[in-house]
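Values in this text are rule-based calculations from the coordinates and carry no lab data. Keep in mind the model is a prediction, meaning the values are calculated, not measured. So basically every Cβ, Gly included, is an ideal-geometry build from the backbone, and we count neighbours across all protein chains shown.
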Amino acid sequence: MKKLDRYGYLFIAPFWVVFLTFSIYPVFLTLYYSFTNYTGSPGEEIVGFANYTRLLTDTYFIEAFFNTIKIWGVNFALQMGMALLLALLFSDLRLKLKGLNFFRSFFYLPNLITISSVALLFGILLDWQHGSLNMVLMKIGLISNPIDWLAEPVTAQLSVSLILTWMWFGHSFIIVMAGVSGISTDYFEAAHIDGANRWQMFTKVTLPLLKPILLYIMITSLIGGLQLFDLPMLITDGIGSPDGSLNTMVLYLYNQAFKYNNYGYASAVAYGLFLITLIFSAIVFKGMFRNERATQKKGA
Amino acid sequence: MEQNAETRRMLPDSEAQPKRKEDRPLKVVPPKKQKSKHRVVRGLIYASLVILAIICFIPFLMMIINATRTNGEVISGFTLIPGNALLDNYATLSEYINIWTGFKNSLIISVSVTVLSGYFSALTAYGFTFYNFKGKNAMFIFMLVMMMVPAQLGLIGFYEISKTLGILDTFIPLIVPAIATPFTVFFIRQYTQATLHISLIEAARIDGASELRIFHTIALPMMMPAIATMSIFTFIGSWNNYLMPLVLLFSPEKYTLPVLMGFLKGSQVAENLGALYLGIAISVVPIMIAFLFLSKYIVSSISAGAVKE
């Protein structure tokens, strides 16, 4: 048996060769570059923490950070609100709604489409003069003059948030629904016997039991959201117009590295982004954990 | 209190008939009225769900219809009636880009990535599950930790190592790294631990089968459900990947579909909206058709991915 165990190395060897070459080594190489002034041609010099001190005072990066958070935050609030509401409706024992599979497929559809196609599609749908959205809105009579959605920072950010919501609420809904159907109906019946109304059932039974699933959605959405890149890049000019309002952190990283050849600085941006992701994930975990302890105390 | 008692008394037949709003005394409301109100609420909910489904679908409908109309027609307004400029639009589009090449490239990359990721993740998961070698736990934990690291962190280093290896502007850096997909390894390992018992493997060993043969003939087929689940995500993720091919590919004839779409935006095709819509439609419609057949499977895979954590 002991002899056979050596086969284990054989089985995991291909994984580790590729993993070390294409995942681990690049991460450390990037770390090294972040301490240099590398511009794509050999002969870089070590510059110590210069890139990082620049990062901390770089208004473009700080702006990119807040843009990313704003766009993600609005999208996440809407997306989760819709996912929870829909899951609540479909799991309601009294309503007994039908067609779950049908609706679920429709709601998920936008998530399947290549994001660059989505960006291109909405880029022309939202067009000021010739976009179908303005035409439809004017036909219905909701607006009298065409709105230039992608020219004002506020509407541009809101547009991206709404497109992201449109893309992702179906995905979140499917996961929340899976979580809700995993909850034993005994809990709901017990709450029902105790005279709980719909709202109480939702806040006292459904939400606490859904916490692991919600945490999963929040963390994955947050990590994905902080890496927001293709949609803001492709929906306007690729450098974050209008007024830098669509400049996100990864877009900034991409432009610094592959447009301006500031590989050294871009590497520091990558590590800055990584630190921010870590801090936010830790806050989410801690927040969830603290709530849990608080409810336990209340219950005791 | 009183209401509680009442509800409790009601309970035995509450399963047979639709449940009533519990914050209202049951005797006061005649059942008929309650029923019709219930019907109105349900009707309203269905109506909003249908509207939501339409909102999800309408951009695609606009796209398909506009793809059949001339630039002038698209500019002049939106209707639900298709035009007859589909072939002209296709001719305009083909003048500037070959969208089917992009399609082929995307397909080659995504299929290779899915197959490699599925096979090697299963292999790795098997190694981690059924052998006790030195450093196994440390390696597994290290893999899990690295799973948390976003891909962008190593982007510049990844570009540099591809440059050093001379594989820039080829499909290799887009395909080969799929051999190491930590999350898929993790998922398949969890599945294997729960479904595949070591006694089965030991029995095969007694029969004289080699270790690799046991993996291929016994373990791999049993891991198939988990592999299939992850394959859907691997395929969609690879098909939609924009950043990596954008950074690694330079020759237009090697562009994948998403990169080609980005390229389309800056090209002269963008001056003819009908042709531009057609380009987007060609990139989108096949996925929609595939989804039509696979939607149930995809939905259950998403649920499984989240709940089995």
Taking Cα pairs closer than 8 Å and at least 6 residues apart, the relative contact order of chain B in percent is 29
Could you tell me which trypsin sites (Lys or Arg not before Pro) in segment A:64-148 are loop residues by DSSP with no more than 13 other beta carbons within 10 angstrom of their beta carbon? A:K96, A:K98
Taking +1 at the Cβ of each Lys and Arg and -1 at the Cβ of each Asp and Glu, which of A:S116, B:A194, B:G77 sits farthest along the dipole of the protein assembly as shown towards its positive end, judged by Cα position relative to the Cα centre? B:A194
Expressed as a whole-number percentage, the relative contact order of chain A with C-alpha contacts under 8 angstrom and at least six residues apart is 27
Candidates B:V50, B:V299, B:V259, ranked by Gaussian network fluctuation over chain B, Cα under 10 Å, top entry: B:V50
Where does chain A land at 222 nm, in deg cm²/dmol rounded to the nearest 500, when only DSSP H runs of n ≥ 4 count, each adding -39500 (n - 2.57), divided by all residues? -22000 deg cm²/dmol
Amide H proximity to A:T36 below 5 Å, modelled H, separation 5+ or other chain, gives A:V47
Where the centroid of each part is defined by its Cα atoms, how far is segment B:121-193 from segment B:242-309 in Å? 25
Along segment B:85-101, Karplus-curve 3J(HN,Hα) (6.51, -1.76, 1.60; θ = phi - 60°) to the nearest Hz, with x for Gly and Pro, reads 9, 4, 5, 4, 4, 5, 4, 4, 4, 5, 4, 9, 9, 9, 5, 6, 5
Please give the Cα centre distance for segment B:75-97 versus segment A:92-138, rounded to the nearest Å. 22
Rounded to the nearest 500 deg cm²/dmol, what is the calculated helix-only ellipticity per residue at 222 nm for chain B, with -39500 (n - 2.57) per DSSP H run of length n ≥ 4? -23500 deg cm²/dmol
Using θ = phi - 60° and the Karplus relation 6.51 cos²θ - 1.76 cosθ + 1.60, list the HN-Hα couplings for segment B:258-274 in order, rounded to whole Hz, with x at every Gly or Pro. x, 5, 4, 5, x, 5, 4, 4, x, 7, 6, 4, 4, 6, 9, 4, x
Over the Cα atoms of chain B, what Rg and Dmax result, in angstrom? 27.6, 81
Would you please classify the overall shape of chain A from the alpha carbon gyration tensor, given that a ≥ b ≥ c denote the square roots of the eigenvalues, rounded means a/c under 1.5, and beyond that prolate means a/b larger than b/c while oblate covers the rest? oblate
Which translational diffusion coefficient, to the nearest whole µm²/s, is obtained for segment B:156-309 from the Stokes-Einstein equation, given a Kirkwood hydrodynamic radius over C-alpha pairs, 4 °C and 1.567 mPa s? 68
May I ask which residue of A:S184, A:P242, A:A83 lies farthest towards the positive end of the charge dipole of the protein assembly as shown, with charges of +1 (Lys, Arg) and -1 (Asp, Glu) on Cβ and the Cα centre as origin? A:S184
Charges at C-beta only: +1 for Lys and Arg, -1 for Asp and Glu. How large is the resulting dipole of the protein assembly as shown about its Cα centre, in Debye rounded to 20? 2600
Per residue, the convex hull enclosing the alpha carbons of the protein assembly as shown has a volume in Å³ of 203
Hey, got the average number of other protein chain Cβ atoms within 10 angstrom for residues in A:251-263? 2
Given the C-alpha atoms of segment A:1-84, compute the convex hull and give its volume per residue in Å³. 220
For peptide B:273-280, compute the average count of partner chain beta-carbon atoms within 10 Å of each residue's beta-carbon. 3
